[in-house]
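K.L.:
Quick one: structure below, then a few questions.
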Amino acid sequence: PGQAPARVVVVGASGFVGGAIVNLASSRRLCGRIASVLGVSRSGTAAAHPSPLSDARSDVSTTYLALDVLAPRGNDELASALEGATAVIVSVGFAPLPFVAYDKQVRMNGESNKRVLEAAATAKVPRAVLVTRRWL
């Protein structure tokens, strides 16, 4: 017999890339492989932009959680949300922009990703995927 369906957590779920990952993970293409998807973002809502997979829903349970990983208790709350997850996909951050202070960019693009991976280790999530882009 095959493996049990996965419980996937996507951090950064309201962003452009994270939203597309949530839509793909909960699409018919992966039906039977994924049982549930938890989208985590500061807003706790689905991505506002359209996705080509948005009409491809299946019976995969998709929920959203509002959580700021940079908040004082963000790591503890995220580790709790990650309990029992099969995988976490991290899609947090933004393009380095000249008008955004460097320390904010480091915090949003570096510290936030680090905290998610630490919470995943605390929750003993067996797989973690970090979606990133190298900006030149």
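K.L.:
Over the chain, with every protein chain in place, what whole percent of the accessible area is carbon and sulfur at 1.4 Å, could you tell me?
P.N.:
Answer for the chain is 57 percent, counting heavy atoms of protein chains only.
K.L.:
Can you list, largest first and rounded to whole Å, the semi-axes you get for the range 79-119 by taking the square root of 5 times each eigenvalue of its Cα gyration tensor?
P.N.:
So the equivalent ellipsoid measures 26, 9, 6 Å along its semi-axes.
K.L.:
Under a point spin-label approximation (7 Å from Cα along Cα-to-Cβ), what is the Leu130-Val106 distance to one decimal in nm?
P.N.:
In this crude spin-label approximation the distance works out to 1.6 nm.
K.L.:
Now for a different question. What does DSSP give for the chain in terms of the percent of beta bridges that are antiparallel, rounded to the nearest 5?
P.N.:
The antiparallel proportion sits near 5 percent.
K.L.:
Something else about it: Check Leu130: other-chain or 5+ apart residues with amide H under 5 Å from its amide H, H built from backbone geometry?
P.N.:
For Leu130, whose amide H was placed from the backbone, the distant partners under 5 Å are Val90.
K.L.:
Sticking with this one: Can you tell me, using C-alpha contacts under 8 Å and at least 6 residues apart, the relative contact order of the chain as a whole percent? Intermediate values should be presented prior to the final figure.
P.N.:
On the way: 260 pairs, mean separation 35.2, N = 136.
About 26 percent, as a whole number.
K.L.:
Quick one: accessible area per residue over the chain, 1.4 Å probe, rounded to a whole number of Å²?
P.N.:
Ligands and nucleic acids excluded, the figure is 59 Å² per residue.
K.L.:
Still on this structure, I have one more. Dividing the convex hull volume of the alpha carbon atoms of the chain by its residue count, what do you get in Å³ per residue?
P.N.:
Numbers: hull volume 16.0 nm³, N = 136.
It is 118 Å³ per residue.
K.L.:
Could you list which residues have their amide H under 5 Å from that of Val10, counting only those 5 or more apart in sequence or on another chain, with H placed in the peptide plane?
P.N.:
Leu38, Gly39, Val40, Ile89
The values are calculated or read from the model by the stated rules, or taken from the named source; none is laboratory data. Because the structure is a prediction, the values reported are computed rather than measured. Virtual Cβ from ideal backbone geometry, glycine too; neighbours counted across all protein chains shown. Surface accessibility is based on the protein's heavy atoms, side chains included, excluding ligands, DNA and RNA. Shrake-Rupley method; radii C 1.70, N 1.55, O 1.52, S 1.80 Å.
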